[in-house]
Amino acid sequence: MTDEQLDQMVRDADTYRPDVVRHLDGVAQNLLEEIMSVPTLDRVAEPPERRRRARRGVVRSLAGAGVAAAALVGVLAVSIISPDQPGGRRASPTTSEGTRIVSYSAAALKAAEQNPRLLIDQPGWKATTVQGFTEKQGEIVFSNGGRQLQMNWYPADQYDDYHNDRLRGSKPEAVKVDGRQGDLFRYSASDFAVILAPRNGSFVELRTGSAWTRSEFDRILVDVVHVDVRTWLAALPAEIVTPQRVNERAAKILADVPLPPGFDTATLNDLSINDPYQFGVRVTSQIGCGWIAEWLRAKKAGDEAALKRAADALRSSHNWKVLHQINDKGDWPEAFWETADTVAAGNTPRGGYGQTLGCE
């Protein structure tokens, strides 16, 4: 179907005035929300200006007729994310009606709602590093070949501190990112950062992670967009551990990892969204901290059998598959083994071990 044919179908369905959108009945409103939640960033061959006009046209048409909306849903869903389109990604599992609308767990949706959900609307950019999100703080790194762009967000009440700190490096230049006001700071001729004004309780800093030119950075900023929850989740690569994947990924990690007494694997559901390295760190952190706590308890109680079990468990960490899998991506395994070996050898860990391993 051509763009002209689709536009004509949209116009034909527009039997009511645009201002009637607030009077949508429940069925039509739900349908509209589902359609508008379908990932759209992969339509890179279509100019952004046309995409925005098309979305407004869909809203106007659906405002008037639930029946017309139902007739269009299959066409729109396939048109938006068909894998046959240039630059399109293969769709996620379909619904029983055949429309390609992705289903996410409540935990995944909640986690995504709690961050700014910015993506780079250009081909080739992929999220490669994601650290666990709290309600107002998180980090995601996008990579494309040798270039990286890091996005960090922090609580809004820290904005002045960060902004004043950046002022020590350079005079800010006013820029806009997805319509939001921001200040660009230059650290060097090839190193830049943009701090966006706070919104919804947090603010975002975008930082170049390798040699950039100012013109390259400006072009990327034009295509940084704020997206809905489902679009953002769909843009995360399969290796990113979202809440709905926690149980499966945790089970693989724990297959050869002994659990400390009383350890509840349900606590891992609070780990939010992480890349494989960070997820491995967080899981083994909880396990290691649990065994050290058990070792300390057993030593104080004079429980030699429990003391030996804890020491053996910590010693076995040298065989845990997950630590070897992530060893070439960071220093966590070496730091973990150093503390585990200290305890396994019968020595009380140094006072800073809790901070090193992330023990509460």
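The overall shape of region 221-328, judged from the alpha-carbon gyration tensor, is prolate: a/c is not under 1.5, and a/b is greater than b/c. Sorting 111-120, 245-254 by their mean Cβ neighbour count within 10 Å, with the most densely packed peptide first, gives 111-120, 245-254. Here region 176-260 has 50 percent of its accessible surface on carbon and sulfur atoms, given a 1.4 Å probe and all protein chains in place.
The values are calculated or read from the model by the stated rules, or taken from the named source; none is laboratory data. Bear in mind the structure is a predicted one, so any value in this text is a computation, not a measurement. We place every Cβ from the backbone using ideal geometry, glycine too, and count neighbours over all the protein chains shown. Each accessible area value is taken on the protein alone, full model and side chains, heavy atoms only, with ligands, DNA and RNA left out. Shrake-Rupley method; radii C 1.70, N 1.55, O 1.52, S 1.80 Å.
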